[in-house]
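Novice: My questions all concern the structure below.
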Amino acid sequence: MTLDDRGDTLFVFSLAHKNFHEQIHAVSWKGEKIRTISTLGFFNNPDPDNSFIESELEFLDAGPFTPLIYFDQKLFFGMIPFLPLNQNPDKKRTISAAWDLTKGEILRFPIYHPEAYYKSETTVDYLSVFQILSEGKLVVSFAASPEIIVFDLEKNELKEYAVTSENLSLNSPPPPLDSDRAGEILIRNGFWGPIIYDPHAENYYRVIYKAEDLDSYPLGQQPGLEERKNFLIAMDKDFQKLGEFEIPSGLDFNVAWCDQVGLHIFDPALSRDKNEYIFRTFALQGQENG
């Protein structure tokens, strides 16, 4: 969910289970529903001249790391393809769109998965994308690629960056495992996590989940998702790497924010009950936030 710039309208994403399509609700500050739009209507009735997407083959991505974003009278959201990209490698499917609230139109941006995604089948875990908006730019990253795409909304300009890691070499999506081992894929291969923007220091942080060799552990002692090693890559405003450091495992990046002190991330292990939230704080040495 997200608020408009006046703070009087709340946009909420929901899944309509009856018809298996998604909806976005606009709700007033009094809790009254103003209107509801259906993504099914948007994507089943595209502009026939629009070659960006195959409308029936995607669904809206509005998770914690690809949130609904309100900016400049538009509501931005991500999209995930419903079918593996390698089934139709010649058809590029955009993964970023916006609802123009003034004109009532859907805008689609020329942002796509990296080429490696079109060469092999993978799971939805690696098809997911991470999208934020900072300084009038869409910043999009991928679970199975070091590539970062930055789209300047004002200049209509796209730039690509590849910020490598000392702790993860993954640069293409891994093939699926057997269905009874599907949960292992993220641990065995690791993945590139979300990007967090610090507007005070004008820095970006990217989360890295290191791959684990599960076969090297005794049976029953393999680490789970919450026990894997995590790292943070720090980048400046131009996506130049400033450093990389290990952080404690088990941190919840769904609950994280930045202020003048630094980056704060919720640590469930330090919180004694469900009503208590304790955060760990990270900041670059020698740098003062504005």
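The values are calculated or read from the model by the stated rules, or taken from the named source; none is laboratory data. Just so it is clear, the structure is predicted and the values come from calculations on it, not from any experiment. Counting neighbours? That spans all protein chains shown, and the Cβs are built from the backbone with ideal geometry, glycine included.
Novice: Where residues in segment 192-225 are among the hydroxyl-bearing types (Ser, Thr, Tyr) and buried (at least 22 other Cβ atoms within 10 Å of the Cβ), which of them is farthest from Tyr126 (Cα to Cα)?
Specialist: Tyr204
Novice: I've got another one for you. Which residues, taken from segment 254-266, are under 15 Å from Thr66 (Cα atoms) and buried (at least 16 other Cβ atoms within 10 Å of the Cβ)?
Specialist: Answer for segment 254-266, where residues must be under 15 Å from Thr66 (Cα atoms) and buried (at least 16 other Cβ atoms within 10 Å of the Cβ): just Ala256.
Novice: So which of Pro223, Pro199 ends up being at pLDDT below 95 and closer than 20 Å to Leu168 by Cα?
Specialist: Pro223
Novice: Taking the stated definitions as given, is Tyr197 more than 22 Å from Asn254 (Cα to Cα) and either in contact (Cβ under 8 Å) with a residue 12 or more places away in the chain or of a type in the set (Val, Ile, Thr) (or both)?
Specialist: Spelling it out, it is not the case that Tyr197 is more than 22 Å from Asn254 (Cα to Cα) and either in contact (Cβ under 8 Å) with a residue 12 or more places away in the chain or of a type in the set (Val, Ile, Thr) (or both).
Residue-by-condition table, conditions (1) over 22 Å from Ala234 (Cα atoms); (2) out of contact with any strand residue (DSSP E or B) (no Cβ under 9 Å at 6 or more places or on another chain); (3) small (Gly, Ala, Ser):
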{"residue": "Val124", "(1), (2), (3)": "yes, no, no"}
{"residue": "Ile132", "(1), (2), (3)": "no, no, no"}
{"residue": "Lys137", "(1), (2), (3)": "no, no, no"}
{"residue": "Ala143", "(1), (2), (3)": "no, no, yes"}
{"residue": "Ile148", "(1), (2), (3)": "no, no, no"}
{"residue": "Leu168", "(1), (2), (3)": "no, no, no"}
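Novice: Specify which of the listed residues (Asn254, Asn171) is polar (S, T, N, Q), assigned to a strand (DSSP E or B) and either touching a Phe, Trp or Tyr at 6+ places or on another chain (Cβ under 8 Å) or not assigned by TED's automatic domain parsing to the domain that holds Thr123 (or both).
Specialist: Asn254
Novice: I need the full set of residues from segment 145-165 which are over 19 Å from Ile196 (Cβ atoms) and part of a loop (DSSP other than H, G, I, E, B), in order please.
Specialist: The answer is Leu153, Glu154, Lys155, Asn156.
Novice: What strands (runs of 3 or more DSSP E) lie completely within segment 1-108 and have 3 or more residues being at pLDDT 75 or above and closer than 22 Å to Val139 by Cα?
Specialist: 69-71, 74-81, 96-100, 105-108
Novice: I would also like to ask the following. Name every residue in segment 154-191 that is of a type outside the set (Gly, Ala, Ser) and in contact with a Lys or Arg (Cβ under 7 Å, 6 or more places away or on another chain), in order of residue number.
Specialist: Hits for segment 154-191 are Val163, Asn167, Leu168, Ile187.
Novice: Quick one: which of Leu158, Leu101 is in contact with a strand residue (DSSP E or B) (Cβ under 9 Å, 6 or more places away or on another chain) and surrounded by 16 or more Cβ atoms within 10 Å (Cβ to Cβ)?
Specialist: Leu101
Novice: Scan segment 267-290 residue by residue and report those that are modelled with pLDDT of 90 or more, touching a Leu at 6+ places or on another chain (Cβ under 7 Å) and either surrounded by 14 or more Cβ atoms within 10 Å (Cβ to Cβ) or among the small types (Gly, Ala, Ser) (or both).
Specialist: Matches in segment 267-290: Asp267, Arg280, Phe282.
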